[in-house]
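I have placed the structure first, in the form of structure tokens, so that the comments after it can refer back to it.
The values are calculated or read from the model by the stated rules, or taken from the named source; none is laboratory data. These numbers come from a predicted model, not from an experiment. Virtual Cβ from ideal backbone geometry, glycine too; neighbours counted across all protein chains shown.
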């Protein structure tokens with residue numbers, strides 16, 4: 001495993017939760033991210049907000065670092081690769097295509113999200129655009145979480161940009177962090193993009209919540225702590241079944 005990562009068994013699939021907001025399906029060689037929001041700086045600049053284009057380059061370099069670490073053969077984006085059509089305009093498009101050329105040996109697939117539908121053509125960025133969902137190793141991959149009680153298959157998704165506050169309440173040391181959030185058959189990945197907001201998520205007894213730090217993934221709920229605990233060699237117990 002990568003330093004600072006946490007490995008869990010989730011509904012029969014081994015997932016490695018990686019620092020810097022990504023998940024690694026090691027047995028399938030697939031890196032998963034959600035909500036990258038490329039082109040958001042250009043979109044804000046068009047509205048008169050001075051956001052540097054370097055944000056896009058930094059996020060692409062973070063993706064490069066994760067691809068180098070995992071040696072993934074495939075990258076799947078669970079929606080909102082782009083923020084809007086600004087990502088397909090020349091300035092941002094050229095940056096993304098140059099990055100894509102560097103990683104031409106890696107398949108990059110997109111399950112379109114609500115923001116991707118604002119762009120004219122995400123395929124011009126060098127990605128393969130899929131349908132609204134994909135099934136891999138018993139998991140359903142989508143952009144938006146399923147409606148309650150409508151989906152029986154375990155589902156990994158994005159869309160909500162989950163965040164959690166860590167540390168004693170109302171103290172200067174309290175930190176707000178993007179997080180991985182699991183409840184029953186739904187797992188929500190943190191927003192990968194560095195220029196994104198967040199939705200504060202509740203932590204209940206049956207929620208496994210992991211803070212997604214730049215260098216370390218940290219269990220922040222009691223259930224997550226149990227999931228992350230080392231298991232005896234040969235144990236057939238999977239994380240979500242542990243007492």
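Some notes on this structure:
- Residue check for residue 220: more than 19 Å from residue 8 (Cα to Cα) and at pLDDT 80 or above: no
- Residues of the range 77-89 include at least one that is crowded, with 21+ Cβ neighbours inside 10 Å, out of contact with any helix residue (DSSP H, G or I) (no Cβ under 7 Å at 6 or more places or on another chain) and modelled with pLDDT of 95 or more.
- Filter pass, residue 228 being out of contact with any helix residue (DSSP H, G or I) (no Cβ under 7 Å at 6 or more places or on another chain), surrounded by 12 or more Cβ atoms within 10 Å (Cβ to Cβ), at pLDDT 95 or above and under 18 Å from residue 13 (Cα atoms): no
- Scan of the range 175-189 for residues that are in contact (Cβ under 8 Å) with a residue 40 or more places away in the chain, within 15 Å of residue 221 (Cβ to Cβ) and outside any strand (DSSP E or B), ordered by number: none
- Yes/no for residue 118 being over 19 Å from residue 146 (Cα atoms) and either surrounded by fewer than 16 Cβ atoms within 10 Å (Cβ to Cβ) or modelled with pLDDT of 95 or more (or both): no
- Among residues that are modelled with pLDDT under 95 and not in a loop (DSSP other than H, G, I, E, B), residue 41 is included.
- Screening 239, 178 for residues that are in contact with a strand residue (DSSP E or B) (Cβ under 6 Å, 6 or more places away or on another chain), crowded, with 17+ Cβ neighbours inside 10 Å and modelled with pLDDT under 90 leaves exactly one candidate, 239.
- Positions within the range 145-168 being at pLDDT 85 or above, in a loop (DSSP other than H, G, I, E, B) and touching a strand residue (DSSP E or B) at 6+ places or on another chain (Cβ under 6 Å), in sequence order: 145, 146, 153, 154, 158, 160, 161
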